[in-house]
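Okay, structure first, notes after.
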Amino acid sequence: MRARTIRQHYVPEFYLRNFSNMSKGICAQAIDGREQKTVSISSIAQEKKYYDVEFLSRNLTDMGENVFAEEEDYVFKDKDMLVLSLEKWFKLNEDRVAPIIDRIIKYPFYNPLKNEEEKKDLALFISMLLVRGPNSKKIFEKKIEINSLKRSLDKYFKDTIGDEMEKKLLWMHTFSHCVSSFAEKLYFCKDWSLVYVASDVSFITTDNPLLLHLPKPFSCCISNIGIMTPMVQILLPLGRKCLLQINDSQYEYYGHNVPDKYIISKSRALELNELQRKQAICWIFP
């Protein structure tokens, strides 16, 4: 039987370690408090069995058995239950991206944006961050209609596997099919830059680190922001001194020929940190 990961992170552990100088812990601050404390990275930004759907094999229809047989890399048995898990899917991408981000942080002259394969891996990683967290799940659950959901699962299961499991299954199915499309749009339709801060200020991150930001002239006009919203800016801190910035390449607002590497001022870094703080779910990592 495959060793099962119970604590499943919606913010990868390798990513959080880039914001810590400790071997296993990280400095954290709750969004409703001022006190900072050291917490274990393994215990933060995670939920138990977050990407797992459990069901009895005898509850599958013939079509369900065929479908889950095709997903054998992501389905395993745990006692008397079958488990469909996307944890391995995320880990495969994280294992490819972690050394890329590590090189960006350690070597200022290294630029993965000029490497086609590494840029594709980063685009996939960003797409996964966009859809895999609690906010994405909440938005999805607000939109789905439970009776329609049950009808869509009738051909796979003989009986209900429970509302929560059914919601999770459809959420996982939906975002796993969106990720490649999002990554393609990021890769081909956006301008990418690595942004550094050389002053005494450092970038922070949160348990919701991917920021979709509209500049003030436009933010008052648009309520629902996505990666293809005109003028949207996508920002992801990679470490204490480096941030990945992705701009809309179809509009002139950000100017032409934005360099793929540049240094920003202390005031701009503090502004970006404040935007990060505002979108945290539970934890800020200052």
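The values are calculated or read from the model by the stated rules, or taken from the named source; none is laboratory data. Keep in mind that this is a model prediction, so the values were computed, not measured. Cβ atoms come from the backbone with ideal geometry, glycine included; neighbour counts cover every protein chain shown. The area values use the complete protein model at the heavy-atom level, side chains included, leaving out ligands, DNA and RNA. Shrake-Rupley method; radii C 1.70, N 1.55, O 1.52, S 1.80 Å.
Taking other residues whose beta carbon is less than 14 angstrom from the beta carbon of residue 172, and scoring Lys, Arg as +1 and Asp, Glu as -1, yields -2.
Using only C-alpha atoms and all pairs of different ones, pull out the Kirkwood radius for the range 61-119 in Å with one decimal. Hydrodynamic radius (Kirkwood, Cα pairs) of the range 61-119 is 14.4 Å. The listed residues 5, 205, once ranked by accessible area (1.4 Å probe) with the largest placed first, stand as 5, 205. Build a GNM of the chain with springs between Cα atoms under 10 Å apart, and of 95, 62, 200 the one that fluctuates most is 200. Counting only protein heavy atoms and a 1.4 Å probe, the chain has 53 square angstrom of accessible area per residue. Could you pull out the longest piece of the chain with no exposed loop trypsin sites (Lys or Arg not before Pro) in it, calling a site exposed if DSSP puts it outside H, G, I, E, B and it has at most 14 other Cβ atoms within 10 Å? Longest site-free region, per DSSP loop and neighbour criteria: 159-286. The sum of -39500 (n - 2.57) across all DSSP H runs of n ≥ 4, divided by the residue count of the chain, sets its helix-only mean residue ellipticity at 222 nm to -12500 deg cm²/dmol. Think of the chain as having a plus end and a minus end, set by charges on the Cβ of Lys, Arg, Asp and Glu; of 29, 160, 228, 29 sits farthest toward the positive end of this dipole. For the chain, the dipole from Cβ point charges (+1 on Lys and Arg, -1 on Asp and Glu) about the Cα centre works out to 780 debye, to the nearest 20.
Can you spot the lysines whose alpha carbon is less than 23 Å from residue 119's alpha carbon? Ignore those fewer than 8 places along the same chain. Residue 119 reaches 88, 91, 106, 185, 190, 241, 261.
Once all protein chains are placed together, residue 152 keeps about 40 Å² accessible to a 1.4 angstrom probe. What whole-number distance in Å separates the alpha-carbon centres of the range 151-206 and the range 13-90? The distance from the Cα centre of the range 151-206 to that of the range 13-90 comes to 14 Å.
Per residue, the convex hull spanned by the Cα atoms of the chain amounts to 155 cubic angstrom.
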